Amino acid sequence: MFIDTRGVEEGVEVETTVCIIGAGVAGITLALEMNRLGIDTCLLESGGYKSDDETRDLYRGENAGLPYTFADGSRSRYLGGSSNCWGGWCRPLDPWDFDKRDWVAHSGWPFGLDELAPYYARTHRLLKLGPNNFDPAYWEGEIGRADVRRVPLVTGDVRDTVSQFSPPARFGKLYRQDLERAAQVRVFLYANATHIDTDADAKTVRRIQVATLTGRRMTVTAKRYVLATGGIENARLLLASNRVQAAGLGNGNDVVGRYFADHPRLMSGSVRFHKAWARNKLYDIKYHYQNAAVSAHGTFISSQFALTHEVLERERLLNARVWFFSLFYGEGSAGAEALIRCKQALLKKDQPGWKLRDDLATMAAHPVDTVGFGLTRLLQPRSLITDVKMQAIVEAAPNRDSRVTLSGVRDRLGMPRVKVEWRLDELVQRTFDRTFALVAEALRAGGVAEVALDAPLQGRAWSAALEGTWHHMGTTRMHDSPKEGVVDRDCKVHGMSNLHIAGSSVFPTVGANFPTITITALALRLAGHLAQALGSPEAVIASTDALGGEWRGPESKPVETLPFAASSLAHVAAAARAAKD
């Protein structure tokens, strides 16, 4: 059921069992699971069914660190959240992304990949992915095209990896009917959580204060509360909920908002392919992104290069992913950028302020660049490719001084706006340098290409070309110790009895893979913990479902899931029996 909060009775108190704040990937995943388990749920969404300027403005704030865009175009404050502007990339974290590394301060998760494996398997249905298989050899064989081939990586330092593409799944559109029909879920639209009220000791949440931009106010009371508003807003709401604890909820150790992370992205070098590899589409983002030629069984895939685990340990580096980036005739021109925006519109990507007529006028005013760029994308003539670069995204090392705080400016709801200070250290620079160098050497040794590298980054100021990937992570990080994290291994806020956090803000370390699939897996896992805590007898069904399908790990080695799943089943069953008693 959907309810427009602007029309509810002023001051009404809504009662429910679980209150979820934020209807993005994590929030909608949780709500659907709660409905399936028969648990009464209230889902609060700040926006409506589509974007609007007034609601979008609530995301805006101050940038205080590296040049960084974190509002318009990178987040979507309406039903579906950031899935509305998501590119669809999906790949689980590598096993070693969960490990504590002595050369990466504050690294490591409280558990390993085996804990998330059964939930990763379940994400494929929600995200509309293909089989649970990320083995490059499997996909090369299934695609079976001469221009989609794996390259020889003979040095042993570099491996190739596979990502799958979601269509992409726009959760607000894809699951709108499911939410409409959900007997146990009420979705309140235009409902902005403005404060989390607690008891006098700030140990138990009592209610959520909710307001609309039209001035209507209400409250929500529940047994369990889940904050699922994203890597920036999760921290913002905790910090702003400071009527009992002056530093904000969950912030007794000054961790909330710290360790803000994003995947930095840069291009480097100039690649000159040997003839046999000049038309290979498998590793080039201009050809493998949502390309039917690089697909099998209805699933689009891409390949990237990564350093082996042994090399990362030997050279004490962070994780990274590298692919090729062909530069086309007209690249970067006004006409080419307009054409790209039109394609994004076809993919239903949220683009604030986009107007088709404006881009059509721009393309008409720059016909040569527009046609040249478009024909190169469509027909792929090598003569119109001006250069090929290597592009990389790198894991951001946990950095306590990279953070989200509150500014002195308030929005229309009276909430403090955010101040975002994105920081990256020298280890990130060294990882860029060494990753590019080792991939270049592997390409040369394998007879694939010659690469002229750019000057090293280490020790220099960051290039103006540095950009983030709008993966906002780490601000309410997970750790067994409340001195090092905001939530425990079950995503419950340390020191609080009934407040949980979902989404990438809980990532302690972020790997070099795209976060949506891990966000979804963690949400499914959290659903099980909530059901267990509430004593739902139907929770057993959730654990049984987790066993469905063989999990194929990122290196195509089957991960044994039965002991974990069986253990979870036993715990949930015990909780259900205790509740009945």
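The condition of being at pLDDT 85 or above and in contact with a Lys or Arg (Cβ under 6 Å, 6 or more places away or on another chain) holds for only one of 325, 305, that being 325.
Being out of contact with any Gly (no Cβ under 8 Å at 6 or more places or on another chain) and farther than 13 Å from residue 479 by Cβ is the filter; apply it to segment 106-117 and report the residue that is surrounded by the most Cβ atoms within 10 Å (Cβ to Cβ). The qualifying residue surrounded by the most Cβ atoms within 10 Å (Cβ to Cβ) is 116. In this structure, residue 187 does satisfy being surrounded by 16 or more Cβ atoms within 10 Å (Cβ to Cβ) and assigned to a strand (DSSP E or B). When segment 129-150 is filtered for residues that are over 9 Å from residue 162 (Cβ atoms), in a helix (DSSP H, G or I) and of a type outside the set (D, E, K, R), the ones remaining, listed by number, are 137, 141, 143. Does residue 464 count as at pLDDT 95 or above and either assigned by the TED database to the domain that holds residue 320 or on the phi < 0 side of the Ramachandran plot (or both)? Taking the combined requirement at face value, the residue does not satisfy it. Restricting segment 153-183 to residues that are surrounded by fewer than 19 Cβ atoms within 10 Å (Cβ to Cβ) and polar (S, T, N, Q), which is farthest from residue 412 (Cα to Cα)? Across segment 153-183, the extreme among qualifying residues is 155. Cβ-Cβ distances below 6 Å connect the following pairs, each with a first residue in segment 468-490 that is more than 18 Å from residue 405 (Cα to Cα), a second residue that is outside any loop (DSSP other than H, G, I, E, B) and of a type outside the set (A, V, I, L, M), and a separation of six or more residues or different chains: 469/265; 490/529. With respect to being free of Cβ contacts under 8 Å to residues at least 40 places away in the same chain and either outside any helix (DSSP H, G or I) or crowded, with 23+ Cβ neighbours inside 10 Å (or both), residue 102 fits the description. Restricting attention to segment 431-443 and to residues that are in contact (Cβ under 8 Å) with a residue 40 or more places away in the chain and small (Gly, Ala, Ser), the residue that is surrounded by the most Cβ atoms within 10 Å (Cβ to Cβ) turns out to be 442. Each residue in segment 292-303 was checked for being outside any strand (DSSP E or B) and surrounded by 15 or more Cβ atoms within 10 Å (Cβ to Cβ), and 1 of them qualify. Here is a check on your reading of the model: is residue 446 within 30 Å of residue 88 (Cα to Cα) and surrounded by 15 or more Cβ atoms within 10 Å (Cβ to Cβ)? It is false that residue 446 is within 30 Å of residue 88 (Cα to Cα) and surrounded by 15 or more Cβ atoms within 10 Å (Cβ to Cβ). Among the residues of segment 71-99, the ones that are assigned to a loop (DSSP other than H, G, I, E, B), in contact (Cβ under 8 Å) with a residue 24 or more places away in the chain and under 27 Å from residue 116 (Cβ atoms) come to 11 in all. Among the residues making up segment 465-479, a single one is among the β-branched types (Val, Ile, Thr) and either outside any loop (DSSP other than H, G, I, E, B) or surrounded by fewer than 19 Cβ atoms within 10 Å (Cβ to Cβ) (or both): 469. Has segment 219-228 got at least one residue that is over 26 Å from the mean Cα position of the chain (by Cα) and either crowded, with 19+ Cβ neighbours inside 10 Å or over 18 Å from residue 16 (Cβ atoms) (or both)? Scanning segment 219-228 turns up at least one residue that is over 26 Å from the mean Cα position of the chain (by Cα) and either crowded, with 19+ Cβ neighbours inside 10 Å or over 18 Å from residue 16 (Cβ atoms) (or both). Apart from one condition, residue 310 fits all of (1) surrounded by fewer than 21 Cβ atoms within 10 Å (Cβ to Cβ); (2) part of a loop (DSSP other than H, G, I, E, B); the exception is (2).
Which of the residues belonging to segment 6-49 are in contact with a Phe, Trp or Tyr (Cβ under 6 Å, 6 or more places away or on another chain) and farther than 22 Å from residue 236 by Cα? 6 - this is the single residue of segment 6-49 that is in contact with a Phe, Trp or Tyr (Cβ under 6 Å, 6 or more places away or on another chain) and farther than 22 Å from residue 236 by Cα.
Applying the criterion of being of a type in the set (Ser, Thr, Tyr) and in a strand (DSSP E or B) to the residues of segment 151-184, the residue that is farthest from the chain's Cα centre (by Cα) is 161.
Just one of the listed residues (428, 418) is within 15 Å of residue 318 (Cβ to Cβ), under 22 Å from the mean Cα position of the chain (by Cα) and at pLDDT 95 or above, namely 428. Whenever a residue of segment 491-505 is part of a strand (DSSP E or B), its partners that are polar (S, T, N, Q), lying with C-beta atoms within less than 9 angstrom and at least six residues away or across chains, give the pairs 492/498; 493/476; 499/198; 499/204; 501/234; 501/476. When you scan segment 29-85, how many residues do you find that are farther than 29 Å from residue 422 by Cα and among the small types (Gly, Ala, Ser)? Final tally of qualifying residues: 3.
The values are calculated or read from the model by the stated rules, or taken from the named source; none is laboratory data. Note that this is a predicted model, so its numbers are computed, not measured. Reconstructed Cβ throughout: ideal geometry from the backbone, glycine too, with neighbour counts over all protein chains shown.
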